[in-house]
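Written below as structure tokens is the structure these notes are about.
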Amino acid sequence: MYNQDEKVVYPGHGVAVIKRMLERRVGGKAMRFYELEFINKDMTILVPLNNLDSIGIRKLSSQKDIGKLFSMFADPIIPHQNEVALNWNKRNKEYQGKIRSGKLSEICTIYRDLRHIEKNKELSFGEKSLLHQTELLLAEEIALACDIQTESAMHQLRDLAQKVHQQ
């Protein structure tokens with residue numbers, strides 16, 4: 001269970017604050033919900049308490065987790081033989097599954113993959129969109145966990161990507 005005013009990560013959408021817990025009747029049954037208000041989006045949703053695990057809602061990462069993320073990100077990329085040639089639809093389906101998992105390491109992997117592919121070819125519209133989405137998700141969580149501005153977190157990510165590509 002989470003507490004009121006606690007920050008949580010909602011997979012694919014980013015960081016939200018638990019505004020309150022409320023009870024509503026749905027189909028004649030009393031159900032309890034968290035009301036989540038997203039930090040960087042003008043959006044509020046109700047999430048049933050009994051669905052938190054299946055949705056993938058999790059606690060905000062710690063600074064230690066972010067440090068591990070940065071060290072993972074900084075590892076040299078070992079390209080797959082057919083990485084660039086793989087069908088975008090298949091890769092996108094795989095990437096969307098990783099985003100839905102809500103795991104920071106999975107989102108980082110997508111970001112790393114797309115930055116690597118970008119080094120070898122121009123990204124398609126879908127790839128650029130996904131790169132932007134993962135960059136925002138990573139930067140938002142890094143900024144909150146490390147108590148820095150989102151723009152600063154974004155610059156750190158881009159600097160790491162640049163360093164990796166120069167290796």
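General observations
- Top-ranked residue of the range 10-33 - restricted to ones that are under 20 Å from the mean Cα position of the chain (by Cα) and not in a loop (DSSP other than H, G, I, E, B), ranked as farthest from L130 (Cα to Cα): I18
- Of the residues making up the range 18-38, those that are surrounded by 16 or more Cβ atoms within 10 Å (Cβ to Cβ) and within 24 Å of Q149 (Cα to Cα) are I18, L36, F38.
- Residue in the range 111-129 that is in a helix (DSSP H, G or I), modelled with pLDDT of 95 or more and of a type in the set (A, V, I, L, M, F, W, C) present: no
- All positions within the range 39-70 that are touching a residue at least 40 places away in the same chain (Cβ under 8 Å), part of a strand (DSSP E or B) and surrounded by 13 or more Cβ atoms within 10 Å (Cβ to Cβ): R58
- Of residues in the range 131-167 being polar (S, T, N, Q) and outside any helix (DSSP H, G or I), the one farthest from K7 (Cα to Cα): Q167
The values are calculated or read from the model by the stated rules, or taken from the named source; none is laboratory data. These numbers come from a predicted model, not from an experiment. Note: ideal-geometry Cβ built from the backbone for every residue, glycine included; neighbour counts use all protein chains shown.
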